[in-house]
Amino acid sequence: MDAIRADELIGLFQSWRDMFAAEREALIALDGKVGDSDLGITMSKSFAAAYDTVAAEGAAAGLTKLLRSAGAIMAKTAPSTMGTLTATGFLRGAKTLEGKDAIGTAEMAAFWRAYATGIAERGKAKLGDKTILDVLDPVAGVLEAQAAAGAALAPALKAAADEAKAALERTKSMKAQHGKAAVFQEQTVGLQDAGATVGVLLVTTMSDFVAG
């Protein structure tokens, strides 16, 4: 796949929905170590609602409208911390695609940069706080470098997915600074961050989808 158009975007949301349904219990268990144990429920509910919404709107709505609608229904369906942050990411990313009818490597880089920035601002998070930002910021950086090098979308996303996994490993040495996990700062060292895991799942599923 050389680019994601509106039809493919709807298919991508279906892949995200199916993946988060499959990962629901694993995310609940991971979040339960130092969190509220609701992450798997939040992600499966919000992406199920997002897919239903974009599928109902159809490809004629266009990329920006589909992403805005997805973000809006996510915020309404799962108003938890991660639900709100994920929704914010999609709403911010949607703005970068105004007037575009396809997402190539350059558009993908702009989308994830806006997504990461939106999460940082809404969640008042910074790099090193052991959050989803610690995955998505380096992902955006890799995609920017891939776009500058003229890379096609599939290999660019594969590089981004590889970086996401490496970034998740790096979060294990960090202390959590946000949410319920922040109460257990020392105990979070060595643990895989649940929010950062969501970031990896988003990017790897997108990479696999584009690779076909």
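The values are calculated or read from the model by the stated rules, or taken from the named source; none is laboratory data. Because the structure is predicted, anything quoted here is derived from the model rather than measured. In this analysis, Cβ positions are derived from the backbone assuming ideal geometry, glycine residues included, and neighbour counts consider all displayed protein chains. Ligands, DNA and RNA are stripped out before the accessible areas are found, and what is left, the full protein with its side chains, is counted by its heavy atoms. Shrake-Rupley method; radii C 1.70, N 1.55, O 1.52, S 1.80 Å.
A compact table of results
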| read-out | value |
| --- | --- |
| Pair list, Cβ < 7 Å and 6+ apart or interchain, from the stretch 77-88 residues that are in contact (Cβ under 8 Å) with a residue 12 or more places away in the chain and open to solvent by 20 Å² or more (accessible area, probe 1.4 Å) to residues that are among the hydroxyl-bearing types (Ser, Thr, Tyr) and assigned to a helix (DSSP H, G or I) | Thr77/Ser46; Ser80/Thr42; Met82/Thr42 |
| Subset of the stretch 14-34 that is among the hydrophobic types (A, V, I, L, M, F, W, C) and under 18 Å from Leu191 (Cβ atoms) - its residue that is least open to solvent (accessible area, probe 1.4 Å) | Leu27 |
| Identity of the residue in the stretch 35-67, open to solvent by less than 50 Å² (accessible area, probe 1.4 Å) and among the β-branched types (Val, Ile, Thr), that ends up nearest to Ala87 (Cα to Cα) | Thr42 |
| Residue among Ala110, Ala60, Ala55, Ala48 that alone is closer than 22 Å to Ala160 by Cα and not acidic (Asp, Glu) | Ala110 |
| Test: residue in the stretch 93-112 that is surrounded by fewer than 23 Cβ atoms within 10 Å (Cβ to Cβ), at pLDDT 95 or above and closer than 16 Å to Val198 by Cα | no |
| Any hit, the stretch 124-131, residues being among the acidic types (Asp, Glu) and under 21 Å from Phe209 (Cα atoms) | no |
| Residue within the stretch 1-12 that is within 13 Å of Ala194 (Cα to Cα) and open to solvent by less than 20 Å² (accessible area, probe 1.4 Å) present | no |
| Residue list for the stretch 129-153, filter: in a loop (DSSP other than H, G, I, E, B) and within 11 Å of the chain's Cα centre (by Cα) | Ile132 |
| The stretch 179-212 - residue that is among the acidic types (Asp, Glu) and at pLDDT below 95 and, of those, farthest from Ala166 (Cα to Cα) | Glu186 |
| Enumerated helices (runs of 4 or more DSSP H) restricted to the stretch 9-128, each holding at least 2 residues that are under 13 Å from the mean Cα position of the chain (by Cα) | 39-57, 63-77, 81-95, 105-123 |
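Here's the yes/no breakdown for (1) at pLDDT 95 or above; (2) farther than 22 Å from Ile119 by Cα; (3) open to solvent by 40 Å² or more (accessible area, probe 1.4 Å):
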{"site": "Ile132", "(1), (2), (3)": "no, no, no"}
{"site": "Pro138", "(1), (2), (3)": "yes, no, no"}
{"site": "Gly141", "(1), (2), (3)": "yes, no, no"}
{"site": "Gln146", "(1), (2), (3)": "yes, yes, yes"}
{"site": "Gly150", "(1), (2), (3)": "yes, yes, yes"}
{"site": "Leu157", "(1), (2), (3)": "yes, no, no"}
{"site": "Ala160", "(1), (2), (3)": "yes, no, no"}
{"site": "Glu163", "(1), (2), (3)": "yes, no, yes"}
{"site": "Arg170", "(1), (2), (3)": "no, no, yes"}
